[in-house]
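Asks: There's a structure below that I have some questions on.
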Amino acid sequence: MSMITEILDAWSGADNVRVIPRQEDLLLQSPPESAMKMWRDYAPLTVTHFPLHYIPAKFAPPRDISGGKGLRLEWQQMNARQPFYHRNSDVDEMSYQVSGDRPLMTELGIVELSPGDFSRIPVVAEVGQVTVQSEVKKDGPFPGWEKATPAAIEMMTECLGAKGCDVAVSMIDEDILLHHAPSSAGNNNKLFVQRAAAAAITGDEPQDPEWVYKSAKIWVGNVKLSKATGKVYNRHHRADAIHCQTKGTRMLVTQRGLVKLQPGDFISIPKGCAYTSLCKYYSEHLVILTSEDAPMESEISKEAKIVPLEEIEAMRKEIYWCNIVHFQISEQHAKSSIPRVEN
């Protein structure tokens, strides 16, 4: 009998948290059929995939991953300037840089984004994007920069910036916009870039995200795992958990199936569904908790499978074995570096 711990909360890290010991086989097991149908059937969780490496292509608008009234999750690749400046009228815009470098050009200043950077553009800021280094300079944001002539396009949108949600389009002098930043951006009115800095979670430790953004209905964080055995499950009763795998691979174990996640995989774990992760080596993924409905909108690439508990236990044994062997090898090398002393 395998015992695990379940952390039951409304949101991750909430004050009212219950820590419950459980038998893992019963947690993952569906009840037998009964004469009277008293509950619904639950389909296995599904995964959608977008490549995290650049694939040469013409400029294209962002592609929707999931979305609803309060959250829109997009994927985009670029190798040139965005053809217009974009101003949101009703939402913050947050991004995570997966690969490549990208200067973020706004009326609040210019910052160069590198892989692993989180940025947030507040509602009032202009934003245009290029893929070169960035600094706020009188002679331009980067070497060789030339302002758009005769003027740049400015578009304002509502309803999460979706296609067809523009409310105003006009022209704007790019030079004035960008040179206005140093005088207008005070200490409380600047763009800030964040980077996850927490150490990787190992062994049987709880797999709590390192949060970089919190609002009343949406939290964004990052999780690093190394040789994690998944003996602690999480269950949120007021939030869905959307995961994006960014580095390494891991096994996501849920009440609605097990699935191997690789870089570029996105999955939404609905509220009320307990889950944990097993990782033999190193893994990193983004977590978006949302109390708003945000169904996946892109094509399904694979789905979770129901597996016997013995398979999960076998995976754990491989992780424990990997930990032990790594320690023994390290210890052996450490001893071999000590000069031998003859009696």
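Asks: Is there a residue being of a type in the set (Lys, Arg), surrounded by 10 or more Cβ atoms within 10 Å (Cβ to Cβ) and within 22 Å of the chain's Cα centre (by Cα) anywhere in region 49-65?
Replies: There is at least one residue in region 49-65 that is of a type in the set (Lys, Arg), surrounded by 10 or more Cβ atoms within 10 Å (Cβ to Cβ) and within 22 Å of the chain's Cα centre (by Cα).
Asks: Are there any pairs with C-beta distances below 9 angstrom linking a residue in region 25-43 that is surrounded by 10 or more Cβ atoms within 10 Å (Cβ to Cβ) to a residue that is among the β-branched types (Val, Ile, Thr), with the two at least 6 apart or on different chains, and if so which?
Replies: That search, which allows pairs on different chains as well, returns 27/4; 28/253; 28/254; 28/306; 28/307; 28/312; 30/306.
Asks: Pick out, from region 42-103, the strands (runs of 3 or more DSSP E) lying fully within it that include 2 or more residues that are at pLDDT below 90 and more than 30 Å from residue 260 (Cα to Cα).
Replies: 85-88
Asks: Tally up the residues in region 291-309 that are closer than 30 Å to residue 216 by Cβ and modelled with pLDDT of 95 or more, please.
Replies: Total satisfying the criteria: 0.
Asks: Next question. So which residues in region 272-298 are closer than 24 Å to residue 96 by Cα and surrounded by fewer than 20 Cβ atoms within 10 Å (Cβ to Cβ)?
Replies: 281, 282, 291, 292, 293, 295, 296, 297, 298
Asks: Let me ask you something else. Could you check region 260-298 and list, in sequence order, the residues that are under 24 Å from residue 69 (Cα atoms) and among the hydroxyl-bearing types (Ser, Thr, Tyr)?
Replies: Within region 260-298, 268, 290, 291, 298 meet the criteria.
The values are calculated or read from the model by the stated rules, or taken from the named source; none is laboratory data. What you are looking at is a predicted structure, and each value in this text was computed from that prediction instead of being measured. Every residue, glycine as well, gets a Cβ built from its backbone with ideal geometry; the counts of neighbours run over all protein chains shown.
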